[in-house]
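Asks: Before anything else, here's the structure in question.
The values are calculated or read from the model by the stated rules, or taken from the named source; none is laboratory data. Worth saying up front: this structure is predicted, and the values here are computed from it rather than measured. Positions of Cβ are backbone-derived with ideal geometry, glycine not excepted, and every protein chain shown enters the neighbour counts. To get the accessible areas, we keep the full protein, side chains included, count just its heavy atoms, and leave off ligands, DNA and RNA. Shrake-Rupley method; radii C 1.70, N 1.55, O 1.52, S 1.80 Å.
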Amino acid sequence: MPTSREKGTLLETVVSLVSGFLGVEHALSGTAECFSLIEKPLNHKVTWMMTMFSSFGPEKAHHSNEFVVGNRKWRIQVHPRGFKEGRGKSFSVYLVGNGFINNALKANTIAKFKLRVLDQVNRNHIEKPYMGWLGEEPGVSHGFSDFMPLEKLDEPYLVNDKFYVGVEFEFISVTNTC
């Protein structure tokens, strides 16, 4: 096992090699980008309660109110009678990037999240995970056209014409200047 002195020497060598190899020079503050991953960010769980669900147009996309997680604005999007491959067969659910908060650096975001439909009686929720890069352009959606079969669009998920859909972020990236 190497001694602490040997470890220090090795670390110094690696740092010198990387600096020299990459040609890294000291940059002025604010001229570089720093990428951070945030586990369980603030507001990492958002639930949208849809009242009068039966009045939702079956062929239209419906959106939650805007919410912020990380440095981005988001909306949950649903298609009550399916979208794309799920049309006429499934309830479709997506997470939609809706821009960035003021003065945030606009950059692609990597995120891991779960979209979920809440079981209001037994707490046996239906959820599907997603992980990937989300582009910086507003309006791009990520989710599932086949989230839940239409036959399940009843109790215990739809109760008294109320339906709950949510998202839970496990982690999200944030890019800032440094």
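Asks: Restricting to region 36-67, name every residue that is among the small types (G, A, S) and in contact with a strand residue (DSSP E or B) (Cβ under 9 Å, 6 or more places away or on another chain). Explain how you work it out, then say what you get.
Replies: In the first step, residues of region 36-67 are kept if they are among the small types (G, A, S); the result is 36, 54-55, 57, 61, 64.
Passing the criteria: S36, A61, S64.
Asks: Yes or no: E137 closer than 26 Å to L42 by Cα, in contact (Cβ under 8 Å) with a residue 40 or more places away in the chain and open to solvent by 70 Å² or more (accessible area, probe 1.4 Å)? Before the answer, list the steps.
Replies: On the way: closer than 26 Å to L42 by Cα: yes; in contact (Cβ under 8 Å) with a residue 40 or more places away in the chain: yes; open to solvent by 70 Å² or more (accessible area, probe 1.4 Å): yes.
Against the criterion (closer than 26 Å to L42 by Cα, in contact (Cβ under 8 Å) with a residue 40 or more places away in the chain and open to solvent by 70 Å² or more (accessible area, probe 1.4 Å)), E137 qualifies.
Asks: From the list D154, D146, exactly one residue is open to solvent by 60 Å² or more (accessible area, probe 1.4 Å), touching a Ser or Thr at 6+ places or on another chain (Cβ under 7 Å) and more than 30 Å from K106 (Cα to Cα). Which is it? Walk me through it before giving the result.
Replies: Values: D154 fails: touching a Ser or Thr at 6+ places or on another chain (Cβ under 7 Å).
None of the others qualify; the one that does is D146.
Asks: Where in region 37-124 are there strands (runs of 3 or more DSSP E), lying fully within it, with 3 or more residues that are open to solvent by 40 Å² or more (accessible area, probe 1.4 Å) and closer than 28 Å to E155 by Cβ?
Replies: Numbers: elements: 45-50, 67-69, 72-79, 90-100, 109-117.
Answer list for region 37-124: 45-50.
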